[in-house]
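S.K.: Take this structure first; my questions come after.
The values are calculated or read from the model by the stated rules, or taken from the named source; none is laboratory data. Because the structure is a prediction, the values reported are computed rather than measured. We place every Cβ from the backbone using ideal geometry, glycine too, and count neighbours over all the protein chains shown.
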Amino acid sequence: MIVPLVLTFAGLLVVGAPMAVAMALSATVAFLIQGSTSLKLVVQTIYAGMDSFLFLAVPLFILAGNLMEIGGITRRLVALAHALVGHFWGGLGMVTVVGEILFSEISGSTTADVSAIGSIMTPALTHSGYAPGRAVAIVSASAGMGILVPPCITMLVLASIANLSVAALFMAGFLPAFTMAALIMVLIGVQAKRENIPRQGRFSWKRLGATLLDALIALGMPVIIFGGILGGVFTATEAAAVAVVYGLLVGVFVYKEIQPRQLIRVFAHSAVLTATVGFLVGAAGIFAFILASEKIPQAVAQAILSVSRNPTFFMVVSLIVFLSIGLILEGLPAVIVLFPIMQPVSRQVGIDPLHYAIVATAAIGVGIFIPPLGVGYLIACGIGRVRASDAIRPMLPYVVVLILGLLIVALVPGIALVLPRFLGLY
């Protein structure tokens with residue numbers, strides 16, 4: 001079944017079919033050609049892929065992120081980031097990175113991240129002297145790093161696939177995210193100083209206090225989410241529900257920036273995005289089922305292990321594979337299809353499952369922002385109104401820095417594992 005599966009899938013992608021449709025139809029064609037399997041299995045597997053309590057967290061975090069975007073929370077978090085790092089060389093670029101970290105702690109979605117942060121920061125960066133292509137590159141690199149900042153939809157799906165603790169996976173993402181963020185900020189500072197891009201004023205304790213006070217309620221959301229999960233008060237799904245209620249109350253009654261008529265659009269947009277993600281997860285599930293039934297994971301394992309059983313070699317191979325697939329596919333289907341194939345091999349060579357899940361998440365996050373085909377990169381270009389070809393050159397140094405950060409995280413397991421172990425989660 002592999003040949004018709006791959007050929008049909010590739011053909012559908014070439015003609016522009018949506019990813020989920022390409023996966024579901026190629027699986028159907030493979031079963032039809034095989035002739036011995038009921039097509040009911042396609043529907044049952046797609047449904048089973050979405051039918052989990054943990055998956056309920058996905059639409060709730062999507063909705064929470066959308067409520068943040070229109071409720072004034074994102075703007076206040078960016079203002080806080082500006083007060084913290086805006087006075088450095090390249091301060092406004094660094095604001096983008098810090099703002100992404102703060103926003104990612106609540107939104108859970110890379111698409112929401114690049115849309116919200118990009119729409120605010122891209123015009124600000126260009127008005128402050130950054131070339132449009134550079135502005136897009138900074139937003140893309142920040143969002144590529146931001147996938148590691150929990151909560152993260154990819155992490156939720158991975159936790160379900162790999163049978164890992166959501167709390168442990170969330171905590172494991174923080175230090176790798178900070179490592180990659182630091183590298184991005186160093187590059188931004190060096191470029192800004194070299195090109196003499198003006199600083200954004202001086203540091204002010206008064207301004208920091210004012211912006212912190214204004215953002216205090218917004219910062220309450222990640223405190224509630226992570227405090228509740230780590231304290232055992234509620235699950236990740238329940239935390240997502242609390243985030244929705246909190247975002248709604250803050251946007252409507254505290255900041256008063258959400259109008260009742262806007263809620264219909266927000267709920268509709270969240271429902272459409274949830275349906276897209278759900279179908280994507282289900283379709284990727286049936287695709288992965290065929291790969292597993294044809295023993296592709298075993299073949300891949302045998303091929304890799306026949307070359308070397310060295311963990312470092314396997315990590316480098318994994319990074320190349322995940323980056324390449326992330327460049328072509330969207331994040332979730334790439335994880336769902338690839339991770340079950342690669343994870344058994346990682347166990348055989350002695351790599352910690354939690355560490356490997358973080359490396360896979362980071363590599364997929366970087367892959368979708370690699371030009372010229374990365375989906376996230378194209379979204380950032382669209383928001384910045386920059387042709388994809390014009391942002392490739394400014395993006396290349398950031399791709400190098402992101403891959404350097406990936407290598408550090410991949411080759412130093414303690415960066416990912418120290419927090420979960422210190423907190424007794426793993």
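S.K.: Here are ILE197, ILE188: which of them is more than 30 Å from ARG421 (Cβ to Cβ), at pLDDT below 90 and in contact with a Gly (Cβ under 8 Å, 6 or more places away or on another chain)?
M.R.: Values: ILE188 fails: at pLDDT below 90.
Every option except ILE197 fails the conditions.
S.K.: Just give me the residues in the range 126-162 being under 21 Å from TRP89 (Cβ atoms) and surrounded by fewer than 24 Cβ atoms within 10 Å (Cβ to Cβ), in sequence order. I'd like the intermediate steps shown before the answer.
M.R.: The initial filter retains those residues of the range 126-162 that are under 21 Å from TRP89 (Cβ atoms), namely 126-142, 145.
Across the range 126-162, the qualifying residues are THR126, HIS127, SER128, GLY129, ALA131, PRO132, GLY133.
S.K.: Also, I was wondering about something else. Tell me yes or no: at least one residue of the range 251-262 is under 24 Å from the mean Cα position of the chain (by Cα), exposed (fewer than 15 other Cβ atoms within 10 Å of the Cβ), without any contact (Cβ under 8 Å) to a residue 40 or more places away in the chain and assigned to a helix (DSSP H, G or I).
M.R.: First, the residues of the range 251-262 that are under 24 Å from the mean Cα position of the chain (by Cα): none.
There is no residue in the range 251-262 that is under 24 Å from the mean Cα position of the chain (by Cα), exposed (fewer than 15 other Cβ atoms within 10 Å of the Cβ), without any contact (Cβ under 8 Å) to a residue 40 or more places away in the chain and assigned to a helix (DSSP H, G or I).
S.K.: Just for helices (runs of 4 or more DSSP H) wholly inside the range 10-103: which have at least 2 residues that are more than 26 Å from ILE161 (Cβ to Cβ) and in contact with an Asp or Glu (Cβ under 9 Å, 6 or more places away or on another chain)? Can you show your working first?
M.R.: Working: elements: 19-34, 40-50, 57-70, 73-85.
Result: 73-85.
S.K.: Would you mention how many residues in the range 1-34 are more than 25 Å from ALA275 (Cα to Cα) and either of a type outside the set (A, V, I, L, M) or at pLDDT 85 or above (or both)?
M.R.: 6
S.K.: If I filter the range 40-49 for residues that are farther than 30 Å from LEU213 by Cα and touching a Pro at 6+ places or on another chain (Cβ under 6 Å), do I get at least one hit?
M.R.: First pass over the range 40-49, keeping only residues farther than 30 Å from LEU213 by Cα: 40-49.
Adding the requirement that they be touching a Pro at 6+ places or on another chain (Cβ under 6 Å) leaves none.
Looking through the range 40-49, none of the residues is farther than 30 Å from LEU213 by Cα and touching a Pro at 6+ places or on another chain (Cβ under 6 Å).
S.K.: Determine if the range 169-177 includes at least one residue that is in contact (Cβ under 8 Å) with a residue 12 or more places away in the chain and either in contact with a Phe, Trp or Tyr (Cβ under 6 Å, 6 or more places away or on another chain) or within 21 Å of ARG76 (Cα to Cα) (or both).
M.R.: As a first pass, look at the range 169-177 and keep what is in contact (Cβ under 8 Å) with a residue 12 or more places away in the chain: 169-177.
From what is left, the residues that are either in contact with a Phe, Trp or Tyr (Cβ under 6 Å, 6 or more places away or on another chain) or within 21 Å of ARG76 (Cα to Cα) (or both) are none.
No; the residues of the range 169-177 include none that is in contact (Cβ under 8 Å) with a residue 12 or more places away in the chain and either in contact with a Phe, Trp or Tyr (Cβ under 6 Å, 6 or more places away or on another chain) or within 21 Å of ARG76 (Cα to Cα) (or both).
S.K.: In the range 191-213, what count of residues is obtained for those that are assigned to a loop (DSSP other than H, G, I, E, B), within 11 Å of VAL85 (Cα to Cα) and not polar (S, T, N, Q)? Spell out the reasoning first.
M.R.: Quick first cut of the range 191-213, residues assigned to a loop (DSSP other than H, G, I, E, B) only: 196-204.
Keeping just the survivors that are within 11 Å of VAL85 (Cα to Cα) gives 199-204.
Filter again for not polar (S, T, N, Q), leaving 199, 201-203.
The qualifying residues number 4.
S.K.: Just the residues that are surrounded by 13 or more Cβ atoms within 10 Å (Cβ to Cβ) and within 17 Å of ILE351 (Cα to Cα), please, taken from the range 298-307.
M.R.: We begin by selecting, within the range 298-307, every residue surrounded by 13 or more Cβ atoms within 10 Å (Cβ to Cβ); these are 298-301, 304-305.
Result: VAL300, ALA301, ILE304, LEU305.
S.K.: Before we move on, is ILE217 in contact with a Phe, Trp or Tyr (Cβ under 7 Å, 6 or more places away or on another chain) and β-branched (Val, Ile, Thr)? Outline the logic, then answer.
M.R.: Numbers: in contact with a Phe, Trp or Tyr (Cβ under 7 Å, 6 or more places away or on another chain): no; β-branched (Val, Ile, Thr): yes.
It is false that ILE217 is in contact with a Phe, Trp or Tyr (Cβ under 7 Å, 6 or more places away or on another chain) and β-branched (Val, Ile, Thr).
S.K.: With VAL359, VAL345, VAL316 as the choices, which residue is among the aliphatic types (A, V, I, L, M), at pLDDT 85 or above, in a helix (DSSP H, G or I) and under 17 Å from the mean Cα position of the chain (by Cα)? Spell out the reasoning first.
M.R.: Numbers: VAL345 fails: under 17 Å from the mean Cα position of the chain (by Cα); VAL316 fails: under 17 Å from the mean Cα position of the chain (by Cα).
Answer to the check: VAL359.
S.K.: Please list, ordered by first then second residue, the pairs with beta carbon atoms under 6 Å, 6 or more apart or interchain, first in the range 283-308 and part of a helix (DSSP H, G or I), second surrounded by 18 or more Cβ atoms within 10 Å (Cβ to Cβ) and of a type outside the set (A, V, I, L, M, F, W, C).
M.R.: Filtered contacts from the range 283-308: ALA284/PRO333; GLY285/THR45; GLY285/GLY49; ILE286/THR45; ALA288/PRO340; PHE289/THR45.
S.K.: Would you check which residues across the range 381-391 are hydrophobic (A, V, I, L, M, F, W, C), in a helix (DSSP H, G or I) and in contact (Cβ under 8 Å) with a residue 24 or more places away in the chain and list them? Walk me through it before giving the result.
M.R.: From the range 381-391, those hydrophobic (A, V, I, L, M, F, W, C) are 381, 383, 386, 388, 391; that's our starting set.
Then drop every residue that is not in a helix (DSSP H, G or I), which leaves 381, 383, 388, 391.
Matches in the range 381-391: CYS381, ILE383, ALA391.
S.K.: Given LEU323, LEU338, LEU378, which one is under 23 Å from ALA124 (Cα atoms) and either assigned to a helix (DSSP H, G or I) or in contact with a strand residue (DSSP E or B) (Cβ under 9 Å, 6 or more places away or on another chain) (or both)?
M.R.: On the way: LEU323 fails: under 23 Å from ALA124 (Cα atoms); LEU338 fails: under 23 Å from ALA124 (Cα atoms).
Just a single option satisfies the conditions, and that option is LEU378.
S.K.: Okay, next question. Could you please let me know if GLY65 is buried (at least 21 other Cβ atoms within 10 Å of the Cβ), at pLDDT below 80 and among the small types (Gly, Ala, Ser)?
M.R.: Working: buried (at least 21 other Cβ atoms within 10 Å of the Cβ): yes; at pLDDT below 80: yes; among the small types (Gly, Ala, Ser): yes.
Yes.
S.K.: From ALA380, ALA416, which residue is of a type in the set (Gly, Ala, Ser), modelled with pLDDT under 95 and touching a helix residue (DSSP H, G or I) at 6+ places or on another chain (Cβ under 8 Å)?
M.R.: Details: ALA416 fails: modelled with pLDDT under 95.
Result of the check over ALA380, ALA416: ALA380.
S.K.: Given the options PHE178, PHE226, PHE203, PHE234, name the one that is surrounded by fewer than 18 Cβ atoms within 10 Å (Cβ to Cβ) and under 20 Å from the mean Cα position of the chain (by Cα). Explain how you work it out, then say what you get.
M.R.: Numbers: PHE226 fails: surrounded by fewer than 18 Cβ atoms within 10 Å (Cβ to Cβ); PHE203 fails: under 20 Å from the mean Cα position of the chain (by Cα); PHE234 fails: under 20 Å from the mean Cα position of the chain (by Cα).
None of the other options fit; the residue is PHE178.
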